[in-house]
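Just below is one structure, and these are the notes that go with it.
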Amino acid sequence: MVIQLRQLARSQDRYSALIEAADGRRVRLVLPDLAVLRIGLRVGTELTPELASLVAQEAASVRAFDLAMRALARRPWARRELETMLRKRGAGAGEVGDVMTKLSGAGLLDDASFAAAFVRSRIATRGASVWLLRRDLARKGVARDVADLAISAVMADEEIDEDALARREARKKYRSLARLEPAVARRRLAAYLQRRGFSAGVVRTVVRELAVSGRSGGA
């Protein structure tokens, strides 16, 4: 039986319903206003097994949607990344699918836009290599072709390429290695750039350039 039903002050399209089961257990569920109207819930409504199942489904769907919206309010998410989070939080396959459809239809979930924002941020703050960007986007579930398109577009927009990124990161790192023996500094710089995912050819070129610059007093 529904023993309490009230509209939420902070979300007026949501209702809080206090349900008492036949065995006396009580559970509070949050339901969308349209579901309350469609089902015809009122205080005192007796819940048949079928009606109880429908109410539970509506509550699970709105919970999954609200979880997704709160997550997106904090930061952008890739589609598969958000799906994984919802499943870990207990959402079923049907609820997850419904949420993805609603968010995509509203333009709130788009892997291409996510990938572009991700690449722009990583290039600006971490000087990430193309390999590292591809790896991290793949871990978030972004398809390779979507990731590559975003990487190419952002690099063109920022007028930067991987060689320039490697040089920028190398200069920053080289300052912390200045007190080491030149050979040791070069080895550590090369290892650092390799860990950042830059190719062997780019690493050799950049390390050689900095070594020459350092000997001439320009580093």
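The values are calculated or read from the model by the stated rules, or taken from the named source; none is laboratory data. Only a predicted model underlies this, so the values are computations on that prediction, with no experimental measurement involved. Note: ideal-geometry Cβ built from the backbone for every residue, glycine included; neighbour counts use all protein chains shown.
Among the residues making up the range 51-75, a single one is loosely packed, with under 13 Cβ neighbours inside 10 Å and either closer than 17 Å to G141 by Cα or in contact with a His (Cβ under 6 Å, 6 or more places away or on another chain) (or both): R75. Of the candidates A73, A22, the single residue that is modelled with pLDDT under 80 and not polar (S, T, N, Q) is A22. Contact map, the range 41-62: first residue in contact (Cβ under 8 Å) with a residue 24 or more places away in the chain, second residue in a helix (DSSP H, G or I) and among the acidic types (D, E), Cβ cut-off under 6 Å, separation 6 or more or different chains; pairs are A60/E95; S61/E95; S61/D98.
Step by step: first the residues of the range 1-17, then only those that are aliphatic (A, V, I, L, M) and under 34 Å from the mean Cα position of the chain (by Cα), then the one that is surrounded by the fewest Cβ atoms within 10 Å (Cβ to Cβ). Which residue is that? Restricting to residues being aliphatic (A, V, I, L, M) and under 34 Å from the mean Cα position of the chain (by Cα), the top hit is A9. Entry remark, the range 148-193: residues being of a type in the set (A, V, I, L, M, F, W, C) and under 18 Å from T125 (Cα atoms) number 12 in total.
So which residues in the range 172-201 are exposed (fewer than 15 other Cβ atoms within 10 Å of the Cβ), charged (D, E, K, R) and assigned to a helix (DSSP H, G or I)? Before the answer, list the steps.
If we filter the range 172-201 for residues that are exposed (fewer than 15 other Cβ atoms within 10 Å of the Cβ), which is where we start, we get 172, 175-176, 178-184, 187, 191, 194-195, 200-201.
Still in the running and charged (D, E, K, R): 172, 175, 179, 181, 187, 195.
Once the filter is applied, which keeps residues that are exposed (fewer than 15 other Cβ atoms within 10 Å of the Cβ), charged (D, E, K, R) and assigned to a helix (DSSP H, G or I), the range 172-201 yields K172, R175, R187, R195.
Of all the criteria given as (1) assigned to a helix (DSSP H, G or I); (2) surrounded by fewer than 19 Cβ atoms within 10 Å (Cβ to Cβ); (3) not aromatic (F, W, Y), the one not satisfied by E169 is (2).
Taking the conditions exactly as written (assigned to a helix (DSSP H, G or I) and not acidic (D, E)), does A128 satisfy them or not?
Values: assigned to a helix (DSSP H, G or I): no; not acidic (D, E): yes.
In short, no.
Put simply, of T84, T48 the only residue that is closer than 30 Å to A150 by Cα and hydroxyl-bearing (S, T, Y) is T84. A count restricted to the range 149-186 and to residues that are among the charged types (D, E, K, R) and touching a Leu at 6+ places or on another chain (Cβ under 9 Å) stands at 5.
Inside the range 62-75, residues that are within 19 Å of L18 (Cβ to Cβ) and touching a helix residue (DSSP H, G or I) at 6+ places or on another chain (Cβ under 9 Å) make up a count of 2.
If you take the residues of the range 89-115 that are charged (D, E, K, R) and under 15 Å from S61 (Cα atoms), which of them is nearest to the chain's Cα centre (by Cα)?
Filtering the range 89-115 for residues charged (D, E, K, R) gives 89, 95, 98, 102, 110-111.
Restricting the remaining residues to those that are under 15 Å from S61 (Cα atoms) gives 89, 95, 98, 102.
On the way: R89: 15, E95: 19, D98: 19, K102: 17 Å.
Among those that are charged (D, E, K, R) and under 15 Å from S61 (Cα atoms), it is R89.
Among the residues making up the range 76-95, a single one is touching a Lys or Arg at 6+ places or on another chain (Cβ under 6 Å) and either in a helix (DSSP H, G or I) or surrounded by fewer than 21 Cβ atoms within 10 Å (Cβ to Cβ) (or both): E81.
So that you can scan it fast, the table gives a plain yes or no per residue for (1) under 32 Å from the mean Cα position of the chain (by Cα); (2) charged (D, E, K, R); (3) within 30 Å of A117 (Cα to Cα):
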| residue | (1), (2), (3) |
| --- | --- |
| A22 | no, no, no |
| D33 | yes, yes, no |
| A52 | no, no, no |
| V62 | yes, no, yes |
| R79 | yes, yes, yes |
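Scanning the range 120-135 for residues that are on the phi < 0 side of the Ramachandran plot, of a type outside the set (S, T, N, Q) and surrounded by fewer than 24 Cβ atoms within 10 Å (Cβ to Cβ) yields R120, R122, I123, A124, R126, V130, W131, L132, R134, R135.
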